[in-house]
Amino acid sequence: MAIHSQEQADSTTDLLQPEERYNNTLPSPTKDHHCRRFLEILSYICLFLGTVVASVLSRFYFQHGGSNRWLATLVQSAGFPLFLLPVFLSPSSTSRRCFNLPRHLFLLSLVLGILLGINNLLVSCGTSYLPVSTSSLLLSTQLAFTLVLSAVIVQIPLTFTNLNAVILITLSSLLLAFQKSSGGDKLPGESWTQYYLGFAATLGAAFMFAAYLPVMEIVYRGVDSFRMVMEVQFVMEAAATALSATGMAMTMDDWKENWDLGPTAYWIVLGATVLSWQLCFMGTAGTIYLTSSLHSGICMTALLPINVMAGVFIFGDDLGPEKIVAVVLCVWGFASYLYGESKKNEDDVIKGHAENKGVVDSVERKHGSVDAAVENV
């Protein structure tokens with residue numbers, strides 16, 4: 001009987017301290033958790049800084065005599081060797097060697113890289129024909145495209161706040177279109193054909209990039225570390241660079257730069273543009289991997305007022321009433337999304353606490369019943 005009682009006591013050891021057993025299953029601040037938070041913050045910084053600076057410098061290039069759209073496309077991805085830095089510094093959850101991507105992932109990265117190069121060309125065309133404030137407002141439509149495509153591809157649930165954000169941002173773009181049809185802010189010396197070409201190219205870039213975000217979210221679900229994300233991005237940027245370099249080589253005799261600030265400023269602007277675009281892409285990849293494609297698109301939309309005001313103060317873009325209303329609509333839509341997300345997070349926390357309390361109560365009840373059984377024996 002004593003032996004039987006000892007066996008029962010041993011078999012219930014795991015239940016003798018239910019609070020400790022439960023608390024051990026809760027997430028605690030670990031080195032991996034802190035590393036993830038650091039990567040998130042770094043990704044936000046790269047995304048915000050890179051997006052704003054890249055849009056301003058890209059327009060600055062054309063504003064001061066730059067004319068090669070293939071070169072403007074090339075600088076968006078030519079800094080891909082910079083991805084080697086996060087590749088070798090980022091931790092990995094496995095012992096896998098660097099740049100040992102599975103064959104299917106490598107080929108997929110090449111295809112996506114070619115599509116990214118086409119998207120970069122559309123961005124260059126839009127930037128060359130439109131004021132930076134107008135192109136920024138048009139690119140904000142990517143949020144509407146991203147939400148719809150995320151619902152279809154990634155199956156993100158649609159909510160009232162999501163749909164409200166999409167409607168408001170779409171209305172802001174329609175407002176810009178009506179402004180243009182009534183004589184808007186066409187650049188000096190630009191034909192209406194060129195203007196509408198830039199308008200269409202920018203909308204096309206917004207749609208392609210919106211599709212890029214949820215597709216990359218699915219791709220990143222198949223990677224095992226942040227380092228592998230940077231490796232995928234490296235391959236994509238290299239493929240985009242090859243495409244733009246080929247286009248530039250084929251049209252080398254058809255352009256001539258009329259840069260008006262001297263050769264030193266020319267190369268400084270190009271170098272800074274290369275760096276800023278890589279920060280933008282690093283931040284985009286990081287936020288998609290660590291959060292979601294929709295969240296990444298929302299963060300880019302949050303920069304809209306900064307881009308618009310930069311165009312007004314740096315390049316003297318017209319800030320008419322239609323553009324002001326468009327900015328207000330975009331900010332309103334962005335605020336609506338943030339409010340919906342905050343409420344959702346609060347509900348999730350409350351629900352999580354309720355579930356955790358239920359688990360603790362269940363374990364304590366089982367502990368009490370086992371103690372009673374041991375005493376009876």
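The values are calculated or read from the model by the stated rules, or taken from the named source; none is laboratory data. It should be emphasised that the depicted structure is a prediction, and the values quoted were computed from it without experimental measurement. Glycine also receives a Cβ, built like all others from the backbone with ideal geometry; neighbour counts cover every protein chain displayed. Ligands, DNA and RNA are excluded from the accessible area calculation, which covers all protein heavy atoms including side chains. Shrake-Rupley method; radii C 1.70, N 1.55, O 1.52, S 1.80 Å.
Remarks
- The accessible area of HIS34, taken with all protein chains in place and a 1.4 Å probe, comes to roughly 110 Å².
- Rounded to the nearest Hz, the phi-derived 3J(HN,Hα) couplings of region 231-241 under the Karplus curve 6.51 cos²θ - 1.76 cosθ + 1.60 (θ = phi - 60°) are 5, 4, 5, 4, 5, 4, 5, 5, 5, 5, 5, where x marks glycine and proline.
- Charge dipole magnitude, Cβ of K and R +1, D and E -1 - region 224-340, Cα centre, debye nearest 20: 340 debye
- Near-label residues of region 215-255 by backbone N, under 17 Å of a point 7 Å along Cα→Cβ of PHE106: 223-224, 228-240
- Heavy atoms of TRP259: accessible area, 1.4 Å probe, square angstrom to 10: 40 Å²
- Taking all protein chains together, ASP32, ASP317, ASP224, ASP260 sort by accessible area into ASP32, ASP260, ASP224, ASP317, largest first [probe 1.4 Å].
- Solvent exposure of ARG37, expressed as accessible area, is near 120 Å², computed with a probe of 1.4 Å over the protein chains only.
- Region 208-324: C-alpha gyration tensor shape, a/c 1.5 cut-off, then a/b vs b/c: oblate
- Each residue, GLN155 and LEU49, gets one label point 7 Å from its Cα in the Cβ direction; the gap between the two is 3.9 nm.
- Remark: spin-label model distance TRP192-LEU338 equals 4.0 nm, labels positioned 7 Å along the Cα→Cβ axis.
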